[in-house]
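The next block holds one structure in the form of structure tokens; read it before the comments.
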């Protein structure tokens, strides 16, 4: 029988100084893969979380020029189990997107 050790590292980003935080201006938008009239950006942060931001005629607020945001995990998949939200966030201005991005960057990272 072999012993297996699982090591889980927890980075407490609350102890870091928050400098060089990513903002809306750091997002690089590309044409949305499923909507001709849409755009999409994805960014991952140092804590291994990230955000996916879309604007399409079918996204929440997209027809009004606003954005929809989802929090993504270390695998790039949508996650609904953070204190930020348990769903996507819609009807966001560029400033709102920046605020949520900063909140996500402050989350503790869990690395498996």
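We did not get these values from a lab; they are worked out from the coordinates using the rules stated. This is a predicted model, so every value here is computed, not measured. Reconstructed Cβ throughout: ideal geometry from the backbone, glycine too, with neighbour counts over all protein chains shown.
The spacing between segment 46-62 and segment 68-112, judged by their C-alpha centroids, is 9 Å.
The modelled label-to-label distance between residue 35 and residue 108, using points 7 Å beyond Cα along the C-beta direction, is 3.6 nm. Taking 0.36 nm per residue of separation and subtracting the current Cα-Cα distance, fully stretching the chain between residue 99 and residue 28 would add 23.8 nm.
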